[in-house]
Structure formats: structure tokens, C-alpha cells
1. Magnitude of the Cβ-charge dipole of the stretch 172-268, K/R +1 and D/E -1, about the Cα centre, nearest 20 debye?
2. To the nearest 20 debye, what is the magnitude of the charge dipole of the chain about its Cα centre, counting +1 on the Cβ of each Lys and Arg and -1 on the Cβ of each Asp and Glu?
3. Enumerate the helices in the chain for which the Kyte-Doolittle hydropathy averages 0.0 or more and the C-alpha atoms extend at least 18 Å along the helix's axis, using complete DSSP H runs.
4. Could you calculate the FRET efficiency of Asn404 with Ala186 from 1/(1 + (r/R0)^6), where r is the beta carbon distance between them and R0 is 51 Å, rounded to 0.05?
5. Name the aspartates and glutamates eligible as straight-distance cross-link partners of Lys22: C-alpha to C-alpha under 14 Å, and not fewer than 8 places from it in the same chain.
6. What lysines does Lys90 reach when the alpha-carbon gap must be under 21 Å and sequence neighbours fewer than 8 apart in one chain are set aside?
7. Test of understanding: what is the full-extension gain from Glu431 to Glu220, defined as 0.36 nm times their sequence separation minus their Cα-Cα distance?
8. To the nearest 20 Debye, how big is the dipole of the stretch 107-191 about its Cα centre, given +1 on the beta carbon of each Lys and Arg and -1 on that of each Asp and Glu?
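The values are calculated or read from the model by the stated rules, or taken from the named source; none is laboratory data. Model, not experiment: these values are computed from the prediction. Cβ placement follows ideal geometry from the backbone for every residue including glycine, while neighbour counts extend to all protein chains displayed. Ligands, DNA and RNA are stripped out before the accessible areas are found, and what is left, the full protein with its side chains, is counted by its heavy atoms. Shrake-Rupley method; radii C 1.70, N 1.55, O 1.52, S 1.80 Å.
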Amino acid sequence: MTNLAAGPTISADDRRLKRAKKAALAAFLGGALEYYDFFIYATAASLIFSKIFFPAGDPTTALLASFATFGVAYVARPFGAVLFGHLGDKMGRKSTLVLTLVMMGAATFLIGVLPDFTTAGYWAPALLVLLRLMQGLSAGAETAGASALTTEEAPVGRRGFFASFAMSGISFGIVLASLAFLPVAAMNEADRLAWGWRIPFWLSIIVLFVAYMVRRSLEEPEVFEEKHDKGEIVKLPFAKMFSTHPAQFFQVALMSFETVTNTFMQSFGLAYAVSVGVDAATMLWVSILGNVIAIATQPLLARLSDSFGRRKVFITGVVGSGIMIFVYFFVISTANVPMIFLVSTLITAGTYSASNAIYPAWFSELFNVKVRYTGMAIGLQIGILCAGFTPLLGTALVGATKANWGPAAWIVAASSLLAVAGALWAKETSETPLRELGNPVP
């Protein structure tokens, strides 16, 4: 006799789908927090920090110093990738992701309470760098961990789609950060520099709380639990990864140069636009529009990669971004606001999304489950480390000549070529069964 009190039986496929949706939500919220923090820092580094955390003097020198503090987090990211990648492959995805989330949120909130240079002298930039390093350590493993977990939980044939929600979360985080900075940009400069800039940093605590509540309820992926129960977890994932997956590591490192496009648009592009007379609030709205649309387009583009392959969609996006960046900087130099909106949206929600939405699944799929967290985290952060300092290089090469945007565009184009080289080298993995992914070659 059927036990009606027990309720309907949930099939294995339904249970897997439910777990995949929860993993995708957790990845979305974690990505939102990470890039909310990233973007408010990038915005503040472009508009605020050069004026309050460094000695008065040459504005260009102060801006370079501000962008240097932006870049130091990228130095910390590979170390975070090694540390948290090790924990993620040894102890599990869930607990590691909770730890990186709390670390990122705490560092961001504390930046909002730092004293400025006039109050604390050189302690002010020193503390700013320390907290920025904390952000970098946690960010070094956040996207990789969320991508690995979501890929391992996704239903057959939909790994690209579900893993892409980490990237949609990033777009959502940029939107939230832009909205948080809009009232700050509208303030008079005295209030903005005195206390207004702090509000977006304090508001990060709300995103942290919501993301924490979802992430702590996650389960470990079954494919990881199988290895753990059989005693097949490796002692040193870092060493094992380099001995079994050296090619995949370099492939991911090269392909991660696709992030240079976004880094330039969100940091250098903002500062450059303001220098040619485009209002900062206008550029924030430009970012909001592109990323609102990208929240929707990235899962759709990732779904295409489930059907047609990772490589085709990824390369199409990277090449498109490398070409469109010249148009982007040109329209900024003319201060043509409608064209800035159009071109920025075509890149953010189109070409860049076409590559960005693919990498969470593709990079994860290149590695075996035993070293997946470590391999993706370290490989990704090596490329992103270079990306973090490209705005500094672009600012130095462009200098004070407002028409000299060419070097910045060529840096992005060259980075795009490196990403294409990595994609051509990497294996197509969209149709490979989950338990066969990344099987090492002796």
C-alpha cells in the first residue's frame, strides 16, 4: 500500500535539478557580492581615493597611486587561489565558499570606515592596501569555487547554462554598485569626499547577509563526495594539478585574459570618460544598462555553448570585444553620450558576455574533480593578475593627452589574442560526461 502521508516521491532528476538551482543561486549571489565590492572599489579608485588617501600634489601621480592600490588585490589573488583552492579540493566546496564570502564582505565594510590621509597620514593608504589584499585573497577562489560547484551539480547537457549564473551575479553586482554610487556622484564634492563615498561600502553588508544565508544551506556535490568517501582526495592538490594538468593550467591562464576588456571598461574607461568631460553619473548609467541586459544574455549565450560547443561561442565573443574596444574608446573621446551607451552595451551584453558566460563551465571542465577547484582558481588568477594592472599601464601610456586612447585599446586587443590562443589550444568539453572530465594523461 502506498504511504500517502509520506508525500510524492522526488525523482533523482528532480532532486538534481533542485540542487543545481540552489547552487546557481548561491553562485549568483556570491558573484554579486564579489563584483559589487570590485566595482565600488574601482569606481572609488577612479574618482575618490586619489584625492583622500594620498598626499596632495600632482593629480596624475595620485591617480596612478590609486590604481596601484586597485591592482594590489590582483597580486593577492593567486595566493588566495592556492590557499582556498587547496581547502576546496581537500575539505569541500561549501565550507570554503562560505569562508571566502565572509572574508570579502568584511574587508569591504571595513574600507568604508578607514580614516583619510589628513587624519591618519600614511597609515591611511597602508590600511587601504591591507584590506584590499584581504579582498584579493578571497576573490582569488570565489569564482572558481562557485563555478566548480555549480558545474558539478548541473544536469546533463546544461552545465554551461547553470555555471553562467556566477557571471550573471557579477553583472548584478555591478548594477547594484552603480546604483549605490549614483547618489554619491550627485553630491557636492566636499560631502562626497568627506563621507558620501563610504555609504556604498557599508551597504555591502546587506548583500553579504543574503549570500551567506543561501550558501550555508548548500550540499557538497555528489561527484566530490564520491571521491571523499573512497579516500581518493589528494593531499596536495596544488602539486597534483601541476603534475597531471599542466597544459590545462596554461590554457585557462591564457583564456582568462578575456577579462581585460571588462577591467578596462570599468576602471580606466570611467576615469578617461570623466577626463574628456563626460559626467561620472552618466558613465554609471552606461554601466547599469549594459549589465542589466547582460544578466539575461549571459545564460542564453552559455546555453548556446551547451548546444554548439564552448570554443565557438568563446572565440566569437573575444574577437568581437577586441575589435569593439577601439570603437568604445573612440566614442568616449568624442564625448558622444548616445554612442557611448550603444557601444558599451553591445560589448557588455554582447561580445564580452559571449566569452565571459562560457568560462565558468569550460575552465572547470578542463580539470579532474580532484584538482578542479585548485586548477581553475590558480589558472584564472594568473591571467587576472595581469588584467589588474592593465589600467595602471593604460593610464601611464595615455598620459595627459586626451586624444591618445590608442595604447589602451591595443592592450585590450593584445589580451584578446592571448585568450583566443588559449581557446584554440584547449579541449572542447561541452559533451564530455561529468565523471570523465579532466581525466589526467599519465
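1. Working: 8 positive and 10 negative charges, 58 e Å.
For the stretch 172-268, the charge dipole is close to 280 debye.
2. 480
3. Working: long enough: 12-47 (52 Å, 0.12); 59-90 (47 Å, 0.80); 93-111 (28 Å, 1.40); 123-153 (45 Å, 0.63); 165-186 (32 Å, 1.97); 198-215 (27 Å, 1.63); 280-308 (40 Å, 1.13); 310-333 (35 Å, 1.43); 372-398 (39 Å, 1.27); 406-425 (29 Å, 1.56).
Sorted by number, the helices that extend far enough and score high enough are 12-47, 59-90, 93-111, 123-153, 165-186, 198-215, 280-308, 310-333, 372-398, 406-425.
4. Details: r = 30 Å, r/R0 = 0.60.
It comes out at approximately 0.95.
5. Asp14, Glu152, Glu153, Glu219, Glu220
6. Lys227, Lys230, Lys235, Lys240, Lys370
7. On the way: separation 211, 0.36 × 211 = 75.96 nm, distance 2.32 nm.
Contour length minus Cα-Cα distance gives 73.6 nm.
8. On the way: 3 positive and 6 negative charges, 57 e Å.
Roughly 280 debye, rounded to the nearest 20.
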